[in-house]
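*Asks:* Quick one: the structure is below, and I'll ask about it shortly.
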Amino acid sequence: MALLPVAEALERLLAAASPITETEPLPLAKANGRILAAPVVAGLTQPPFHASAMDGYALRAADADHAGSILTLVGESAAGHGFSGVLAEGQCVRIFTGAPVPEGADTILLQEDAEKLSGNSIRANLPVAPSRHIRPRGQDFAQGDRLLEVGRKLDFASLTLAAAANQPMITVYRKPRLAILATGDELVLPGAAPGPSQIIASNSFGIAALAEENGADIIDLGLVPDDRTAITQAVRRARKAGADALVTLGGASVGDHDLVQDALKDAGMVLDFWKIAMRPGKPLMVGRLEAMPVLGLPGNPVSSMVCALLFLEPLLARLGCNPVPNRLATARAAIDMKQNDQRQDYIRARLFTSPEGELMAEPFNRQDSSMMRVLAEADCLIIRPPHASALPQGAPCPILHLRRQAACGNA
């Protein structure tokens, strides 16, 4: 099978994945980051009354149309404790921000523009105009208005709006359920004492973290030995648990001990493709178990994580009706880079800002796909397309941010 270009591989993976349509009601306190599945409609009008935007005095503009006007103070209107009377000619009410404007008043005199006199009188030191510093009823929204539409990712601002609209529950799409299956006789969990030919299993923790960042619930199928029956049984557990997608870690190649492909075929998987024209991450496998996408990631930790960024993150976004996070940006090469071969390279690099204010990407000297420390210290991946010409120092180059906060700060 020929090596598939990265863009084509991603297109084929996403084309075969269908967004989740199941929904669930959630209280506002649990809905942050979720995707709205039904519009949020205002349950009331906001503000529900004409409200003061400032501290001062509520009065009739006609009674203070010139500096020096004297008014009689007849009460107070505070937030939660409005004035119940009706203002007559020459009267005013002490009012505070957010409080209801009394009936009969049509403007607010700022407290710094008024002078308190003896008794119950004030003097307006400036003339006032009608409708000053008043938030009219319904200025923000009216009862029945559609405030948030389907597909909106809920955040601090949208949840504030939903709460103000008096909607304690909202309907969201169910999270994608991702089953993670790590295979290999050589693997033991962190904390265990590895045998002479064993290593610590690490990939599943990074994949689970990335999946959770992208809104998925994890179904951990644990470590499974290199045994076709054991792998097939684990796949059955994933399907029984209602997994929307299955990720396998390692064993997807065709060596004597790489049994995942055959075991998945035994379980009914239809293989779409494997082997991608990229480095690291060439032995990537994509297939389907009925409606469930299957993504076989390489066993090398860095290869696995790079492939997860390129393929798993967009897959989860599609399943969960989320926008795909944009990690792409442009930097300048901090060193000369040689001509590339037929595979698309993803080169771990540090980012820094040059004295001229340019974002610079400096590759690490070592790029072995087993070196997790280099990945943890990297800020980005420099993307070198297939057959790219030599890149001189200072030339622009595409990069893939490894952390979203870095993308916000530097892109």
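The values are calculated or read from the model by the stated rules, or taken from the named source; none is laboratory data. Since the structure is predicted, the reported quantities are computational estimates derived from the model, not experimental observations. Glycine also receives a Cβ, built like all others from the backbone with ideal geometry; neighbour counts cover every protein chain displayed.
*Asks:* Picking from A38, A67, A62, which residue would you name as being free of Cβ contacts under 8 Å to residues at least 60 places away in the same chain and not in a strand (DSSP E or B)?
*Replies:* Unique residue meeting the criteria: A62.
*Asks:* Go through R60, R34, R12 for me and flag whichever is among the basic types (K, R) and under 17 Å from C321 (Cβ atoms).
*Replies:* R34
*Asks:* Still on this model: Quick check, is R318 closer than 29 Å to A216 by Cβ, of a type in the set (K, R) and part of a strand (DSSP E or B)?
*Replies:* no
*Asks:* Next question, about the same structure. In the range 88-100, is there at least one residue being in contact with a helix residue (DSSP H, G or I) (Cβ under 8 Å, 6 or more places away or on another chain) and of a type in the set (A, V, I, L, M)?
*Replies:* No, the range 88-100 contains no residue that is in contact with a helix residue (DSSP H, G or I) (Cβ under 8 Å, 6 or more places away or on another chain) and of a type in the set (A, V, I, L, M).
*Asks:* Condition (residue is within 30 Å of Y173 (Cβ to Cβ), surrounded by fewer than 17 Cβ atoms within 10 Å (Cβ to Cβ) and polar (S, T, N, Q)) applied to the range 36-56: is it met by at least one residue?
*Replies:* Taking every residue of the range 36-56 in turn, none turns out to be within 30 Å of Y173 (Cβ to Cβ), surrounded by fewer than 17 Cβ atoms within 10 Å (Cβ to Cβ) and polar (S, T, N, Q).
*Asks:* Report, by residue number, each residue of the range 179-197 that is surrounded by 11 or more Cβ atoms within 10 Å (Cβ to Cβ), part of a loop (DSSP other than H, G, I, E, B) and not charged (D, E, K, R).
*Replies:* G184, L189, A192, P194
*Asks:* Please enumerate the residues belonging to the range 320-348 that are surrounded by fewer than 17 Cβ atoms within 10 Å (Cβ to Cβ) and either at positive phi or not charged (D, E, K, R) (or both).
*Replies:* Within the range 320-348, P323, V324, P325, N326, L328, T330, I335, Q339, Q342 meet the criteria.
*Asks:* Then there's this: State the number of residues belonging to the range 76-127 that are more than 13 Å from D55 (Cβ to Cβ), in contact with a Leu (Cβ under 9 Å, 6 or more places away or on another chain) and small (G, A, S).
*Replies:* Summing the residues that are more than 13 Å from D55 (Cβ to Cβ), in contact with a Leu (Cβ under 9 Å, 6 or more places away or on another chain) and small (G, A, S) in the range 76-127 gives 6.
*Asks:* So, one more: Hey, can you tell me all the residues within the range 159-187 that are free of Cβ contacts under 8 Å to residues at least 24 places away in the same chain and over 22 Å from A308 (Cβ atoms)?
*Replies:* T160
*Asks:* Suppose we filter L315, L289, L297 for residues that are buried (at least 16 other Cβ atoms within 10 Å of the Cβ), on the phi < 0 side of the Ramachandran plot, touching a Pro at 6+ places or on another chain (Cβ under 7 Å) and outside the structural domain of L400 (by TED's automatic domain parsing); which single one remains?
*Replies:* L315
*Asks:* Search the range 77-112 for residues being surrounded by fewer than 21 Cβ atoms within 10 Å (Cβ to Cβ) and in contact with a Phe, Trp or Tyr (Cβ under 9 Å, 6 or more places away or on another chain), and hand back the single one that is farthest from D65 (Cα to Cα).
*Replies:* Going through the qualifying residues, I end up with A79.
*Asks:* Hey, another quick one. Answer yes or no as to whether D220 is within 16 Å of L297 (Cα to Cα), assigned to a loop (DSSP other than H, G, I, E, B) and not assigned by TED's automatic domain parsing to the domain that holds L28.
*Replies:* Against the criterion (within 16 Å of L297 (Cα to Cα), assigned to a loop (DSSP other than H, G, I, E, B) and not assigned by TED's automatic domain parsing to the domain that holds L28), D220 does not qualify.
*Asks:* Can I ask one more? Can you tell me which residues in the range 349-381 are touching a Pro at 6+ places or on another chain (Cβ under 6 Å) and buried (at least 17 other Cβ atoms within 10 Å of the Cβ)?
*Replies:* Scanning the range 349-381 gives A349, S369.
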